[in-house]
Amino acid sequence: IAVVGTGNSALQEALYLSNIVNHIYLLNRRDGFRGDEILVEKVKENPKIEIIYNVEIKTLESEKGMLKRVALTNDKIIDVSGVFIYIGYRPATDFLPKCLLDEEGYVKINENYESSINGVYAIGDVIKKDLYQLVTAASDGANVIFKMK
């Protein structure tokens, strides 16, 4: 399979999928990563993950309706049965006042999940954290309730 991206989401997905499949191509449009250094190191150390730098997908090739190959901008063709694209994640916070947001659009919070506006809390995918899953959002909510007591 192929995973496309340079940030934490792509790195986490590649690491997760390495527990399921035999080989992963991590396609990187740049010559470096935007993700956290600890994730970058884990990916680089994983023998199932092959990083291909400075490429983009040029075409997807299928046979009988099934993905078979991906042609890259470096003229390399790789055999894959799946492509996971993790480019450009942005939290859905456009409705919030800009004073609550950091430069990436996440709500800025303190250790109690409080924003800069009294009584406004933020949890889940709108705050900056290492893992974005339903279970971590539920945990954030439980922590807010616990800390409010």
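The values are calculated or read from the model by the stated rules, or taken from the named source; none is laboratory data. Quick caveat: nothing in here was measured; it's all calculated off a predicted structure. Heads up, the Cβs are rebuilt from the backbone with ideal geometry, glycines too, and the neighbour counts pull from every protein chain shown. Heavy atoms of the whole protein, side chains included, go into the accessibility calculation; ligands, DNA and RNA do not. Shrake-Rupley method; radii C 1.70, N 1.55, O 1.52, S 1.80 Å.
Here are a few things to note about the model shown:
- Placing unit charges on the Cβ atoms only, positive for Lys and Arg and negative for Asp and Glu, gives the stretch 62-149 a dipole magnitude near 180 debye about its Cα centre.
- Helix 8-17 and the longest principal axis of the Cα set of the chain meet at an angle near 60°.
- Between the amide H of Val3 and those of Tyr25, Leu26, Leu27, Phe84, distances stay under 5 Å, these residues lying 5 or more places away or on another chain, with hydrogens modeled in the peptide plane.
- Each listed q (0.08 Å⁻¹) maps to a log10 I(q)/I(0) for the chain, found by the Debye formula over equal Cα scatterers with no solvent: -0.31.
- Low-density loop cleavage sites - chymotrypsin sites (Phe, Trp or Tyr not before Pro) in the stretch 32-108, where at most 15 other Cβ are within 10 Å (DSSP): Tyr53, Tyr89, Phe95
- With the helix formula -39500 (n - 2.57) applied to DSSP H stretches of n ≥ 4, the chain reaches a computed 222 nm mean residue ellipticity of -7000 deg cm²/dmol.
- Heavy-atom accessible surface of the chain: percent carbon and sulfur, 1.4 Å: 53
- Taking all protein chains into account, the per residue accessible area for the stretch 13-149 stands at 67 Å² (1.4 Å probe).
- Per-residue 3J(HN,Hα) values for the stretch 93-101, derived from phi via the Karplus relation 6.51 cos²θ - 1.76 cosθ + 1.60 with θ = phi - 60°, read 10, 4, 7, 8, x, 4, 5, 8, 9 Hz in sequence order (x marks Gly and Pro).
- For q = 0.17, 0.20 Å⁻¹, Debye-computed log10 I/I(0) when each Cα of the stretch 59-105 counts as one equal scatterer: -0.62, -0.69
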